[in-house]
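What follows is a short report on a single structure.
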Ligand code: 13P
């Protein structure tokens with residue numbers, strides 16, 4: 001079971017260090033995506049990895065403001081987020097760059113959490129439209145890549161407090177599982193009250209959490225809930 005926390009543009013070097021020091025040793029796979037400025041050589045429990053929220057698909061070069069492989073290597077980072085809806089929609093990251101990043105990360109052998117999710121107008125059209133939309137988002141990447149993890153994050157559920165329903169997650173996960181055997185996460189307003197029912201869905205292999213994971217107490221609580229759950233380790 002994978003529990004991932006996306007800090008987005010939150011936390012400083014000091015608060016990140018304090019946060020990471022409190023992460024317990026558990027059988028769960030924990031992934032933390034803090035801002036670049038907080039990277040350091042932390043002593044993390046087994047199964048806990050730091051990842052990069054973003055990178056530019058180059059070793060190094062003239063790409064002002066970007067971080068390449070050389071910079072991630074310095075911290076031993078080999079886990080990345082690609083396709084997050086905030087990068088797609090707020091930062092206007094083009095699909096072509098997203099695919100380029102996937103191919104680069106695959107070539108590097110990095111673990112990839114690849115995010116997909118439909119906007120509200122597509123959800124309102126119904127399940128068939130959602131499935132078609134997600135299929136398009138997934139069709140240009142290698143769905144058999146062995147270090148691929150897919151995160152289903154409906155755009156309308158991110159940071160809104162409005163999670164997709166269990167039925168919606170279940171139905172969408174089943175469709176994605178037809179396309180890929182990669183572990184499958186759900187993200188979008190997951191919190192201490194909702195995490196258990198979500199991870200207990202048959203095809204759910206974990207969660208990608210934003211706002212509810214930015215404070216250590218609820219994050220530890222969510223780890224405890226999943227860890228004590230009988231579905232246990234995948
Ligand atoms: P929230 O949990 O704040 O909805 O964010 C989800 C997310 O974007 C994780 O990547």
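Nothing in this text is a laboratory measurement; each read-out follows from the coordinates by a stated rule. Quick caveat, the model's predicted, so the values are computed rather than measured. Here the Cβ is made from the backbone with ideal geometry for all residues, glycine too, and neighbour counts use every protein chain on show.
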Scanning region 22-48 residue by residue, the ones that are free of Cβ contacts under 8 Å to residues at least 24 places away in the same chain and in contact with a helix residue (DSSP H, G or I) (Cβ under 9 Å, 6 or more places away or on another chain) total 1
Picked from region 204-220 (must be touching a helix residue (DSSP H, G or I) at 6+ places or on another chain (Cβ under 9 Å) and surrounded by fewer than 18 Cβ atoms within 10 Å (Cβ to Cβ)), the residue nearest to residue 8 (Cα to Cα) is 214
If you check residue 89 against the conditions, is it within 16 Å of the ligand (Cβ to nearest atom), assigned to a helix (DSSP H, G or I) and surrounded by fewer than 21 Cβ atoms within 10 Å (Cβ to Cβ)? yes
When you look at residue 107, is it part of a helix (DSSP H, G or I) and either within 16 Å of the ligand (Cβ to nearest atom) or in contact with a strand residue (DSSP E or B) (Cβ under 7 Å, 6 or more places away or on another chain) (or both), yes or no?
-> no
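Condition check ((1) within 16 Å of the ligand (Cβ to nearest atom); (2) surrounded by 14 or more Cβ atoms within 10 Å (Cβ to Cβ); (3) part of a helix (DSSP H, G or I)) across all residues:
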| position | (1), (2), (3) |
| --- | --- |
| 156 | yes, yes, yes |
| 162 | yes, no, no |
| 171 | no, yes, yes |
| 178 | no, no, yes |
| 181 | no, no, no |
| 186 | yes, yes, no |
| 191 | yes, yes, no |
| 223 | yes, yes, yes |
Of (1) within 18 Å of the chain's Cα centre (by Cα); (2) in a helix (DSSP H, G or I); (3) farther than 30 Å from residue 228 by Cβ, residue 20 satisfies every one except (3)
Sole miss for residue 203 among (1) under 18 Å from the mean Cα position of the chain (by Cα); (2) outside any helix (DSSP H, G or I); (3) within 16 Å of the ligand (Cβ to nearest atom) is condition (3)
Among the residues of region 126-143, the number that are more than 23 Å from residue 97 (Cα to Cα) and touching a helix residue (DSSP H, G or I) at 6+ places or on another chain (Cβ under 9 Å) is 2
Original post:
Looking at residue 136, is it in contact (Cβ under 8 Å) with a residue 40 or more places away in the chain, loosely packed, with under 14 Cβ neighbours inside 10 Å and within 19 Å of residue 84 (Cβ to Cβ)?
Top reply: no
